[in-house]
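As structure tokens, the structure follows; a few thoughts come after it.
Throughout, read-outs are computed from the coordinates displayed, never taken from laboratory work. Source: prediction; values computed, not measured. Please note: Cβ atoms are built from the backbone with ideal geometry, for glycine as well, and neighbour counts cover all protein chains shown.
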Amino acid sequence: MIDISNVAARLDADEKLKLTYRFPVRSEDGQVNHEVREGRLLDVAEEAKLLYVSHNGEVIWVKAEEVIALDSDNGL
């Protein structure tokens, strides 16, 4: 799992970051599958252990345990 306080410090230093994460998607039959997504990291909530990401023009939250990778944002 990632160190959210470290991520918050990187954002505070104006570093642009992208997040690769697993996102739960419910199918029509009610089964939950996970798809891998990638988006620009906007903010974090350290106490709640949530990361806020831009996805298709919307802001969504991602749980820390769903994070796959955190990298420098190269134009996302």
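General remarks:
- Distant-in-sequence amide H partners of ASP43 (H built 1.01 Å from N, under 5 Å): TYR52
- Above 15 Å, the calculated P(r) of the range 36-76 contains 36 percent of its Cα-Cα pairs.
- Simple spin-label estimate for ASN6 and HIS55 gives 2.4 nm between the two label positions (7 Å along the Cα-to-Cβ direction from each Cα).
- The chain - charge dipole about Cα centre, Lys and Arg +1 at Cβ, Asp and Glu -1, debye rounded to 20: 100
- For GLU15 and ASP73, the difference between the fully extended length at 0.36 nm per residue and the C-alpha to C-alpha distance is 20.0 nm.
- Rounded D (µm²/s) - the range 4-72, Kirkwood Rh over Cα pairs, Stokes-Einstein at 25 °C, 0.890 mPa s: 196
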